[in-house]
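Note sheet for the following structure.
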Amino acid sequence: MFRIFRGGCHTRHNLGFVMSRENGFPRYVLLIVHSGGEFVIGGNRQTVEPSHAVIISPNTPYRYELANGSYMDDWIHFETDCPESLPACNQLFPIQNADMYTSLIRQLLWE
């Protein structure tokens, strides 16, 4: 079972935005990255282009930002009883058709 607590779609942050959680977050965090950015997740640094996703495990330290321009993503804070059903956590991976994921997240948040 999955429980969604909060989320947002096409959340835009202005120049200079930095999300930093040195102790992580107590729940899973799903990000669909629309703008690209610089990420450090569990000590691993990665620069990504738009149309990437990541599921960050609870209590994993992370930080992300976009140095030039506005940062935009879709996001969900959630819990699950079956973490083994999740894809590899804490690793950014490319996705196709990010707008489809935005639509799916929007539907989940409306439920």
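The values are calculated or read from the model by the stated rules, or taken from the named source; none is laboratory data. Quantities reported herein were computed from a predicted structural model and do not represent experimental measurements. FYI the Cβ positions are ideal-geometry reconstructions off the backbone, even for glycines, and counts take in every protein chain you see. The protein model used for the area step is the full one, side chains on, heavy atoms only, and it has no ligands, DNA or RNA in it. Shrake-Rupley method; radii C 1.70, N 1.55, O 1.52, S 1.80 Å.
Restricting attention to region 15-30, does a residue exist that is assigned to a loop (DSSP other than H, G, I, E, B) and open to solvent by less than 30 Å² (accessible area, probe 1.4 Å)? Looking for residues that are assigned to a loop (DSSP other than H, G, I, E, B) and open to solvent by less than 30 Å² (accessible area, probe 1.4 Å), one finds at least one in region 15-30, hence yes. Only one entry of I95, I76 meets the criterion of being of a type outside the set (D, E) and under 15 Å from V29 (Cβ atoms), and that entry is I76. Consider region 89-110. How many of its residues are open to solvent by 40 Å² or more (accessible area, probe 1.4 Å) and either closer than 24 Å to V18 by Cα or touching a strand residue (DSSP E or B) at 6+ places or on another chain (Cβ under 8 Å) (or both)? Of the residues in that region, 9 qualify. When residues in region 50-88 are screened for being open to solvent by 30 Å² or more (accessible area, probe 1.4 Å), touching a residue at least 40 places away in the same chain (Cβ under 8 Å) and of a type in the set (D, E, K, R), 4 of them pass. The residue list N14, N68, N59 contains one member that is at pLDDT 95 or above and more than 22 Å from W110 (Cβ to Cβ), which is N59.
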